[in-house]
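J.: Dropping a structure here in structure tokens format, bear with me for questions.
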Amino acid sequence: MSGATSANGHDLERVASKVESGQRLSAADGELLFRADVDLHAVGRLANLVRQSKNGNVAYYNINAHLNPTNVCLYRCRLCAFSRDAEDDRAYVMSRDEMLARAQEAADAGCTELHIVGGVDPRQPYQWYLDIVRLLHSAFPRLHIKAFTAVELAWFAESTRRPVRSILEEMIAAGLGSLPGGGAEIFDAAVRRRICPIKPDAQTWLHVHRTAHLLGLRSNATMLYGHLESAHERVDHMLRLRQLQDETGGFQAFVPLAFHPEGTQLAHLCGPSGLDDLRTVAVSRLLLDNFDHIKAYWVSLGVGTAQIALAYGADDLDGTVRHEAIHHEAGAETPEMLSVAELESLIVEAGRQPVERDSLYRRVQRQDGQWTVQEP
Ligand code: SF4
């Protein structure tokens, strides 16, 4: 990711003094920090300063399970190893009973959150998706439902010819608790045309999240990196998120997602290196000064890199992640799930204090098999 002329120590010192004095970094600063000839560990140290000031020595995790109701998707993005055409032998649509069984398993395992995302199956009416939220929330009211990417929600609006706001209001009434950050990929239109040509665009993604925030929902934001994008496009992506966050304050965490090419139509690419992963985490911590949390999603980064990322700006490893399918279909070699003991041990070994959080970053306390949340 380096440019034509080499950066010098003075450039980094200038950015460091901005960080140390709490000044906002510019797009040019962000692009500089992505250059391979700018010392990664110096960038990491700066990111760690910001991380310490926002979150102290705490590193968060949660106990959660994923549910992907269907892998049939009309968009068939080139970056995706998870989706299938409806007639594919490996296509599936979960029944109500299967979903209830998954939620029961999550509740029995002490999960506080169900993370529900999947394909946009044009054969299923919007009502089918709405009923998933209603069914699971009414059966397991203590499980926080974090459901549907902006891409899915935009489809519900388009297919019903209703405004996004009206769809979200109905989802909230059915039990929706917050939005995940998926579907953002890279906002740049030219890259988007090459990796997910018919998927809704950046404006649509941002519109869904803006609307959710205005309705009081919190959400996360992702960025898929390590495919065809440049440092300029990564920085552009982050700054568009920073701008929306200035406007609404509704984002909780930024989640950089490392691209895994296996099984996708971009399988000829290599994906990002470990050093690129760390630099991306660190730069995101530095540019996204109005985000409270940067997540090192261990499923995507790999357990080892995610652990190191706790010293490069990240303050959250995500969760136990029971039944993750989307990254594993794309060749992620991480385990199917991690136990609480494993997550806590990774955090302690990194010199941090593990804290279990719920979906809204409230601390979770457990006693005698029961859990409660502590209001901030
Ligand atoms: Fe569908 Fe999402 Fe896969 Fe694109 S990335 S094909 S929208 S499931």
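FYI, it's all coordinate maths here, none of it is from the lab. Quantities reported herein were computed from a predicted structural model and do not represent experimental measurements. Glycine also receives a Cβ, built like all others from the backbone with ideal geometry; neighbour counts cover every protein chain displayed.
J.: Where in region 296-376 are there GluC sites (Glu not before Pro) that are in a DSSP coil and have at most 12 other Cβ atoms within 10 angstrom of their Cβ?
T.: Of the GluC sites (Glu not before Pro), the ones in loops of region 296-376 whose Cβ has at most 12 other Cβ atoms within 10 Å are E333, E336.
J.: Rounded to whole Hz and in sequence order, give me ³J(HN,Hα) for region 233-247 from the Karplus expression 6.51 cos²θ - 1.76 cosθ + 1.60, θ = phi - 60°, writing x for Gly and Pro.
T.: With coefficients 6.51, -1.76 and 1.60, one gets 6, 5, 5, 4, 4, 5, 6, 5, 5, 4, 5, 5, 5, 4, 6 Hz.
J.: Could you pull out the GluC sites (Glu not before Pro) across region 86-173 that fall in loop regions by DSSP (anything but H, G, I, E, B) with no more than 13 other Cβ atoms inside 10 Å?
T.: Taking region 86-173 and a limit of 13 other Cβ atoms within 10 Å, the loop GluC sites (Glu not before Pro) found are E87.
J.: A further question follows. Cα convex hull of region 1-102: mean projected area in nm², to one decimal?
T.: Mean shadow area of the hull around the Cα atoms is 11.4 nm².
J.: Further question on the same structure: Is there a quick way to get the dipole size of the chain? I mean about its Cα centre, with the Cβ of Lys and Arg at +1 and of Asp and Glu at -1; what is the value in debye to the nearest 20?
T.: Roughly 820 debye for the chain.
J.: Now, a different point. Please give me, ordered by residue number, the trypsin sites (Lys or Arg not before Pro) of region 134-167 that lie in loop per DSSP and have at most 15 other Cβ atoms within 10 Å.
T.: When the trypsin sites (Lys or Arg not before Pro) of region 134-167 are filtered for loop state and at most 15 Cβ neighbours within 10 Å, R142, R161 remain.
J.: Working from the alpha-carbon coordinates of region 287-337, get Rg over Rh, Rh being the Kirkwood radius.
T.: 1.01
J.: In terms of the ratio Rg/(2.2 N^0.38 Å) built on C-alpha atoms, what value belongs to region 15-58?
T.: That works out to 1.17 for region 15-58.
J.: Seen from all sides and averaged, what is the projected area of the convex hull of the Cα atoms in region 106-208, in nm²?
T.: 6.9
J.: Here's another thing I want to ask about it. Sort F251, F140 by Cβ crowding within 10 Å, fewest neighbours at the top. Write down the numbers at each step before the final one.
T.: Values: F251 23, F140 18.
If I rank by nearby Cβ atoms, fewest first, I get F140, F251.
J.: Amide H neighbours of H293 under 5 Å, counting only residues 5+ apart in sequence or on other chains, H built in-plane at 1.01 Å?
T.: F254
J.: Also: Normalized C-alpha radius of gyration of region 262-321, against 2.2 N^0.38 Å?
T.: Taking the Cα Rg and dividing by 2.2 N^0.38 Å, one obtains 1.20.
J.: Do any cysteines of the chain lack a neighbour Cys whose Cβ is under 4.7 Å away, and which are they?
T.: Cys with no partner Cβ under 4.7 Å: C73, C111, C270.
J.: Using only the alpha-carbon atoms of region 241-376 as identical scatterers, what base-10 log of I(q)/I(0) does the Debye formula give at q = 0.12, 0.15 Å⁻¹?
T.: Log-scaled intensity ratios, in q order: -0.53, -0.81.
J.: Helix-only mean residue ellipticity at 222 nm, the chain, DSSP H runs n ≥ 4 weighted -39,500 (n - 2.57), per residue, nearest 500. What is it?
T.: My calculation for the chain gives -13000 deg cm²/dmol from helical runs alone.
J.: Whole number please: convex hull volume per residue of the Cα set in region 36-154, in Å³?
T.: Spread over its residues, the Cα hull of region 36-154 gives 174 Å³ apiece.
J.: Enter the mean projected area of the convex hull around the alpha-carbon atoms of the chain, in nm², rounded to one decimal. Don't skip to the answer; put the middle values down first.
T.: On the way: hull surface 70.6 nm².
Over every viewing direction, the Cα hull of the chain projects on average to 17.7 nm².
J.: For E113, which sequence-distant residues (separation of 5 or more, or a different chain) have an amide H within less than 5 Å of its own amide H, given hydrogens modelled in the peptide plane?
T.: Here A65, H144 satisfy the definition.
J.: Then there's this: Tell me, what is the percent relative contact order of the chain, built from C-alpha pairs under 8 Å that lie six or more residues apart?
T.: Contact order relative to length: 22 percent.
J.: Using a 10 Å cut-off around each Cβ, can you sort L215, L287 from fewest to most neighbouring Cβ atoms?
T.: Values: L215 15, L287 25.
The most exposed by this proxy come first: L215, L287.
J.: Give the long-range amide H neighbours of L224: residues separated by 5 or more places, or on another chain, with amide H under 5 Å away, using H modelled in the peptide plane at 1.01 Å from N.
T.: When sequence neighbours closer than 5 places are left aside, the close amide H contacts are E185, I186, L257.
J.: Residue by residue, what Karplus-based ³J(HN,Hα) values in Hz, rounded to whole numbers, does region 67-82 have, using 6.51, -1.76 and 1.60 with θ = phi - 60° and x for Gly and Pro?
T.: Whole-Hz 3J(HN,Hα) from phi for region 67-82: 9, 10, x, 8, 9, 6, 9, 6, 7, 6, 4, 5, 7, 9, 9, 8.
J.: Expressed as a whole number of Å, what is the distance separating the alpha-carbon centroids of region 32-71 and region 198-274?
T.: Region 198-274 and region 32-71 have Cα centres separated by 15 Å.
J.: For Y60, Y75, which order do you get if you count the other beta carbons within 10 Å of each Cβ and list the fewest first?
T.: With the fewest neighbours first, Y60, Y75 line up as Y75, Y60.
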